[in-house]
Each structure stands twice: as structure tokens, then as C-alpha cells.
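To start, the structure itself, in C-alpha cells.
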Amino acid sequence: MQARGKDRSSPVLNVLKLIVAGSIAGVLAAAVALPAVGGAGVSAKSGMELLDLKPEDLTEPPLSERTKLVDADGKQIAQFYFENRQSVTLDQVAPIMRTALIAIEDFRFYQHGPLDLEGTTRALIKNLTTGGVTQGGSSITQQYVKQVLVNAAETPEEQAAAIAPTVSRKLSELRNAMAIEEKYTKDEILMKYLNIAYFGAGAHGIQAAAKRFFDKPASKLNLVQAATLAGAVQNPARTDPNVGPASRKLLLERRNTVLDRMRQLEMITQAEADEAKAKKLGYKDVKFPGGCEVSDYPYFCLYVQNEILLNEDFGKTAKDRLKLLQRGGLTIKTTIDPKMQKAAEKAIKNMVSTKDKPVAAQAMIVPGTGEIKAMAASRKFGGNKKKNEISYNLVADVAHGGGRGFQQGSTAKAYTLATALEEGLKYKDGFPAPAGYEASGYSTFKDCKGKPVGDPTHTVRNSSEGGGGFKTLQTGTWGSVNTFFMKLEQKVGLCKVVKLAKRIGLKRADGDKLGEFETFTLGINEVDPVTVANSYAVFAARGKYCQPLAVTEVKDRDGKITRFKPKCSQVMDEKVADAVSGILKGVFSPGGTMAAVGGIGRDAAGKTGTTDGYTAAWFAGYTPNLASAVSVGDPRGAFTHDLVGVTIGGRYYPYVYGSSIAGPIWKQSMMSALKGVEATRFHSVDQSRFGGCSDHCAPKPKKKKKDDDGFDFGDRFDVRDDDRGNDRRDDRGGDRGIFDWGDNPLVNND
């Protein structure tokens, strides 16, 4: 080759300049080609020895692969990915796709070693004659090495170094390529390249690209589509069809270049090339959505996502766990049951509209395993406030993507009932329940640190004026009598109730410690449906507590399966749990707060809950097979947006009680979810232990006048289940349990 202009350098110096120029262009000089090229002879060998070109092993981290969630039946419900990629084997790629790629990128791929002498020389000449870097000569093997280094880079600096146009980088790349050629067959190298290459439009690897561009697997690509994708790999940012019309035009031109090259190499005929070039681009723009927002079960998806990010079983650090979720290529089998999920969704939809500001949320859990079978809410998940969407998990706690939850209300009374039965009280034990209850002093209630709590000037009331009378564990529970439970909690001890609640899994939704105040039994703590449902599942499972379980097995990219078993422990005497169920069954009977709603046609137990000032409403209940909790409240702020005088689901409610909306949702969903499931019965109550009374027996009944409903006036029950005394912060931000009722118009509620 002649020197240009006035360049009078020696021939040796000119050759060296060619080498440097070629290296910067992404190629090496012919003198460093491998013997496998043929024709290089001693000069090639000498050049390699001079440059110390020996094979150097390349670390090949696993490719970033999508992770998918599947339901209990194995159907995909969501996916997560850092890069949209689905690796395939070479036989899953259409032969025409392989041909097109080789034609445009490295047509002598199967004839040369890690470096293509012909391509390198051609690139050198082109770059030199054009006065700049216009053409590269890297083989497919070299390109694969570069892609591996780029993918392994953790920082922008590392990424820049992986593609730097320097001699040292190209020499290192060639050493790696030599090792790759020794390690793999040509077919294996081609397969690896097809899986790692980026094609544009967010598609990494040939399978994702085929689906993204043309809505078909790589095995079904035709000539036009194969040429398009083969053309896209050279500069995917420039030819990205999603960028706009100009980029699509460039991609079309690039496709035609590939077709011309295939014709030139006699891989296709002129007629085939002309026919293909006459076709439109045909880009389908198939979305490949990831994350929970596009899942059919977004709230459950959020729960699983956060469970993985919190669980050290999936990595030592949060960063490791996120990387595994987004890049690990896992198949995560979950506990969600499509039938039960649909039952919850339908029942909620029947009672609450997606346009309503108040929301209903429900969780279903299997007693004895903790498996979460359904998580549903009335609002759609998303970030569009104009569409009334909500961007956090309405069904779970903060740790699982949720919010602060709602005060639990009278569903918390079940914990006091269970404590009383543990302490030896019997079904007929009781005492007079006044219309109002006042602690006799600060020492009446003590938290678990022995600190006196409560406000002796605050009066807890029942919702029915003059209600009360002598109540037993049974009648006090069935009527949800506030003052009865305050006295019962005083008798057994606040700390014992708190400890039992913790034992069976109760915790605040915001992650703070449970508030230990005298109104604990009335449900002052903000909680979430998953937590409440799981605590009630302990009664159904005869005292066995199980951690909520959302994932049953994980299969990694290599097919290795890790199974996750329920984590359970016996936290309560079986017979005590049976006794709790024996009383809570009566909530559906005449005299119970769910009497108007009715049962579900099989053994069931539960408890309504309406919070102070009607800020939220609940129903929590269970059968031996399934436990569930439903909450209703306004996420804008329960105390500033209470459930008084509201229209929900097209129906006006002067007041929303536990049996108004939450109860019917629970009933409808449970009946549908358990359809086809054999009905089982609760264990019989040990009457020798819990029957009758000890030393707090009810007085002998006197003949009383009956009201229109047939119930004794003396035994009026709290049909509205209004729970006086729940935590309400005053304007001065006082501690929970210290109340300012001066501006509360609903103290008497009647």
C-alpha cells in the first residue's frame, strides 16, 4: 500500500501505523491473525509471540434473565426483569436468522479462528482510505467477548472501558476470544452471541427481539424479519424502531443492506431479495410489560416482590436480592388460588365501586399452613390519580408495600376472649356491663413494662343507650359490648392480652410496636387484612400459628428447585382455640352482630369490628379450611374522612358498621371460594373445662317483657358494633390512649 501525501515514513513504520489505526477502529492488523486463518504462516505466529497473544480465560457471568411469578396452578401472573431476555438454544432459532446474522456480521465465521484476517484487513483499508474510523472487523467471537464485558460492567466507567477504542483493550479482547474458541464450538458461540446481543426497543437476545418486533418466537422468523433483526445489532440505538420514523427508516435501509449482502454471498436469490425488499418493515411493537402494575393480581404480586426483597433466603443483601429478582431467570411458584382470588374480587365489586373513595380490601389464608390464597381490593393499582388508582398495597403492611392500615376495631376483642379462656374463665362467666366504663385510676391498666396507662377521665360507652346488663363471655362477645370487654381486659390483665395477640401474629401495619393502652381490646392499633386474617387462622388451626406464606418453590435458570415449607408453631392450647371458635360461631346466630347477614352454610366463626367514630369497619372470620379478613376505610385519612353519611357502591350509608359492607363481602367471597370444598366442622368444645361458670355466674333470669324482635331488653346487643374509646389523637398530638373528646360530636352515637 502506498503512503499518501508527503508521508515519507519507512515501510515498517507505516505498517505499525496501520496496526494502531486498525486497533482503534476495533480491529487488529493482519500480522496478529491466528494460524487458523490460513495463509498467515510464520509471520502470524511471530506476531502473536511478539504481542504475547495467549488465550486468556473470560469470566462469563450469567445473562440477565426475566423472573416470572406463577400461581398455584403454574400459570404466569407477573414478571420482573432488568433486561427483556429469554435465552434459547440454537435449534430454537430459525436457520434463516442464523444465516442473515452471519452474512452481515461475520460471513467467514465457520472458517476462521477468533480473528478474521480478511475482515480485519478490509476494515483497515477502509478506515485508512476514508481518513477515519468507519468500519470494524471484529469477528462474532470478538463481539461476544465485548458484550460479556459490557454486561458484567457495574459502573459507567467499567462500561466505557469495555468498549474503549484502544490497542490494549483490543489485544485483551483477542486473548479472551482465543480462549472462547478453545472452550466452545462455533455453534455454541453463535448461540451465546444471539442470546446476549441487543437488538433495540428494549429487546435483549434473539427470542425477546423476535417477540418484541414481530410477535413470534425466534424459531418462526422469515427472511424479511431475520434480515431486519440481523441489521439491528450493528447500531441498535440508531435503528431503534421505538424512537421514531427516522429510526425506522434507518432500520429499513439496514434490512435491505443485509438482503443485498445475502444475495451477494448467494445465500438467497435476486428474486428473493427483491421480493423481501419490497415488504414494509412490519414492526409490531409488542409490549413486554414487567412489574406488578400490569399483573392481574397486583396486590399479591407486590406482597411477593417485597417478601423476596426482605428474605435473606434470596440473597445476603437487599442489592443481591433485587438483582436476583430482576436478572435471575427464576420461576417463582406462589400460593395464589385463581378461584379464591376471583371470589374475593367479585364479592368486593358487588359492594364497592372502583370509583369510591373508601376502599375495601380482603385477604384469604389457609389455617395450618399460612398460605395466602387471595389478596384483593376495590381500587385498581397504579399511579393515575385521575382514574382513582392507588399506588400501594391496600391489603398488606408497609413491609410488603402497604400503607398504615386501619384501626382494627372490635375484631381485636377476640384476643381478649382467648386470653380469658386461657386464664380459666368459662362460657357463662361474666359481670354487669354498664352503659359507660371509666378506669378507676391510672393503675387499673398496666402495659407489659408495668407502666400504668389510660385516662381515668375518659368514658368508654356502648352504642345502644342504656345497653349493658349482665354479660357472659358468650353474650358479651356476640353483642360486641364495649364496656364488657373493658372489664374483661381489666380482669385478665392488659399485658396478657397484648402478649397473646403478639403470639398469634398481630402487629401494626406501619411496623411500629403495638400500642399498649387500656383500649387495646377495642382495636386501637392500625393493622392490615393479611395480618388480621392470619391471626384468626390460629383459632381455625387449633392454636397453630404459621407465618404468612406466599412462595412455595423457586426454580432457578438451571432447573434447580428450592421448596419453601410452612413455618409453624403451636402457640395456643388446642382446646382453648376450640373454645374461642365455639363462642365466635355465635356471632352469626340471633343475638350476634352478623345475625342480619347470616352464615355461609357450614361451620364458621368470626367477629365484626367498627372503629371509634366510624373511621373503619371490619369483618374477620374463618372455617376450618380458610380464614379471611375484610377491611373498609378511606385511605385519604380515616379520621378526616370517616364512614358517616357516605355512598359506597351506589348505596347510601348513614353509618358503616362491620356488618354493613365488610360482613357481606366476607360471606359472599367465602361461599364462592369454598364451593366444591368439602365442609368440615370445628372440634367440639371441652364442656368439662369451659362449660358453665366458675365464680362469676349470671344471675337467674327473670321473666322479662320482650321487644318486637323477641329479644330481652336487658340483653340488648351492640348491633352497630360501635367501639367507644378507640385511639383518636387529639389536636395536640397526644399519646395513644390519652383522648380529647371535647370536639367529638359522636360520643354518645345515638
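Given region 391-501, what percent of its DSSP beta bridges are antiparallel, to the nearest 5? Don't skip to the end; give the middle numbers.
Numbers: 9 of 10 bridges.
About 90 percent, rounded to the nearest 5.
Computed 3J(HN,Hα) for region 335-352, one whole-Hz value per residue from the Karplus formula 6.51 cos²θ - 1.76 cosθ + 1.60 where θ = phi - 60°, is 8, 4, 10, x, 5, 5, 4, 5, 5, 5, 4, 5, 5, 5, 4, 5, 10, 9, glycine and proline marked x.
How charged is the neighbourhood of Lys387? Take every other residue with its Cβ under 12 Å from the Cβ of Lys387, and add Lys/Arg as +1 and Asp/Glu as -1.
Numbers: positive: Lys355, Arg379, Lys380, Lys385, Lys386; negative: Glu389.
Residues near Lys387 contribute +4 overall.
For the peptides 514-521, 275-282, the ranking by mean Cβ contacts within 10 Å, running from highest to lowest, is 514-521, 275-282. Only the Cβ atoms of Lys and Arg (+1) and of Asp and Glu (-1) were treated as charged; on that basis the dipole of region 213-308 about its Cα centre amounts to roughly 400 debye. Taking only the alpha carbons of region 244-332, we obtain Rg and Dmax values of 22.5, 60 Å in that order.
At a 10 angstrom cut-off on C-beta neighbours, averaged per residue, how do the peptides 243-250, 334-341 rank from highest to lowest?
On the way: 243-250: 13.5, 334-341: 22.0.
With the highest mean Cβ count within 10 Å placed first, the list reads 334-341, 243-250.
On a 20 Å Cα-Cα criterion, which of the cross-link pairs Lys355/Lys385; Lys544/Lys675; Lys220/Lys280; Lys471/Lys585 come out too long? Walk me through the numbers before you get to the answer.
On the way: Lys355/Lys385 11 Å; Lys544/Lys675 25 Å; Lys220/Lys280 18 Å; Lys471/Lys585 17 Å.
Exceeds cut-off: Lys544/Lys675.
Counting only protein heavy atoms and a 1.4 Å probe, region 408-564 has 34 square angstrom of accessible area per residue.
Please state the charge dipole magnitude for region 512-553, taken about the Cα centre, from unit charges on C-beta atoms (+1 on K and R, -1 on D and E), reported in debye and rounded to the nearest 20. Write down the numbers at each step before the final one.
Values: 3 positive and 6 negative charges, 60 e Å.
Dipole of region 512-553, to the nearest 20 debye: 300 debye.
Remark: region 126-281 is approximated by an ellipsoid whose semi-axes, taken from the C-alpha gyration tensor as √(5λ), come to 27, 18, 18 Å, largest first.
Projecting the Cα atoms of Val532, Thr519, Phe564 onto the charge dipole of region 507-618 (Cβ charges, centred on the Cα centre) puts Phe564 farthest toward the positive pole.
Cross-link pairs exceeding 23 Å in C-alpha to C-alpha distance, out of Lys507/Lys567; Lys349/Lys380; Lys287/Lys319; Lys502/Lys667, comprise Lys287/Lys319; Lys502/Lys667.
Could you tell me which of the pairs Lys346/Lys499; Lys426/Lys491; Lys333/Lys386; Lys428/Lys487 are separated by over 25 angstrom between their Cα atoms in the structure shown? Provide the component values of the computation, followed by the final result.
Working: Lys346/Lys499 36 Å; Lys426/Lys491 14 Å; Lys333/Lys386 34 Å; Lys428/Lys487 15 Å.
Lys346/Lys499; Lys333/Lys386, as the Cα separations exceed 25 Å there.
Size of the dipole of region 369-485 about the Cα centre, Lys and Arg at +1 and Asp and Glu at -1 on the beta carbon, nothing else charged, in debye to 20? The partial results should precede the final answer.
On the way: 15 positive and 10 negative charges, 116 e Å.
Roughly 560 debye for region 369-485.
When both region 483-497 and region 396-446 are represented by their alpha-carbon centers, they are found 7 Å apart.
Compute the orientation-averaged projected area for region 554-681 from the convex hull of its Cα atoms and round it to one decimal in nm². The partial results should precede the final answer.
Numbers: hull surface 49.4 nm².
The Cα convex hull of region 554-681, projected and averaged over all directions, gives 12.4 nm².
Annotation: peptides 142-150, 287-295, 614-622, 199-207, ranked by per-residue average of other Cβ atoms within 10 Å with the highest first, follow the order 614-622, 199-207, 142-150, 287-295.
Among Val304, Ile268, Pro289, flag the residue with its Cα farthest along the positive direction of the charge dipole of region 241-381, charges on Cβ as +1 for Lys/Arg and -1 for Asp/Glu. Projecting each Cα onto the dipole axis, the largest value belongs to Pro289.
The values are calculated or read from the model by the stated rules, or taken from the named source; none is laboratory data. Remember, it's a predicted structure, so these values are computed and weren't measured experimentally. We place every Cβ from the backbone using ideal geometry, glycine too, and count neighbours over all the protein chains shown. Just so you know, the surface numbers come from the protein's heavy atoms only, side chains and all, with ligands and any DNA or RNA stripped out. Shrake-Rupley method; radii C 1.70, N 1.55, O 1.52, S 1.80 Å.
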